[in-house]
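Report on the structure given below.
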Amino acid sequence: MGPGEKETDKPIYYYRENNLKIIYRESDDSWEMYDLEKDPRELNNIINISSKAEKMMEKLKPRIRRWERRT
């Protein structure tokens, strides 16, 4: 972290495919996933129960790495 940078300043990455949205929060190294059709307010994290979570994580990971190389 640089001077004046807080832990909460770390980026949040997301990927959306149809009604599913996956989020990676760098600040606490956590993943979230939501079905926006059933849960538009993103209250029910389905990362641990969705059969599509792993596939979507694999799609987002290269984008995270690309961004990290730029910073």
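Just so it is clear, none of the values below were taken in a lab; they were calculated from the coordinates. These numbers come from a predicted model, not from an experiment. No Cβ is skipped: glycine too gets one built from the backbone with ideal geometry, and neighbour counts run over all protein chains shown.
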Exercise for review: Using the Karplus curve 6.51 cos²θ - 1.76 cosθ + 1.60 with θ = phi - 60°, work out ³J(HN,Hα) for each residue of segment 40-54 in order, rounded to whole Hz, and write x for Gly and Pro.
Suggested key: x, 8, 6, 9, 10, 6, 9, 4, 8, 10, 7, 6, 9, 4, 4
Practice item. Using amide H atoms built 1.01 Å from N in the peptide plane, name the residues 5+ places from residue 20, or on other chains, whose amide H lies under 5 Å from its own. Key: 36
Check your understanding: Taking the Cα centre of segment 8-70 as the origin and placing charges on Cβ (Lys, Arg +1; Asp, Glu -1), which of 49, 24, 60 is farthest toward the positive end of the dipole?
Key -> 60
Point to revise | Charge context of residue 25, other residues only, Cβ under 9 angstrom, K/R +1, D/E -1 | key: -3
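Per-residue counts of other Cβ atoms within 10 Å, averaged by peptide: what ranking do you get for 51-61, 35-45, 14-24, highest first? Can you show the working numbers first?
Numbers: 51-61: 13.5, 35-45: 11.4, 14-24: 15.6.
Highest to lowest by the protection proxy: 14-24, 51-61, 35-45.
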Review point. Is there a pair in 10/38; 21/55; 10/55; 21/59; 10/61 whose C-alpha atoms are over 19 Å apart, and which pairs would that be?
Key: 10/38; 10/55
Exercise for review: Could you run the Karplus curve 6.51 cos²θ - 1.76 cosθ + 1.60 with θ = phi - 60° over segment 33-38 and give me ³J(HN,Hα) per residue in whole Hz, x for Gly and Pro?
Suggested key: 8, 9, 9, 5, 6, 8
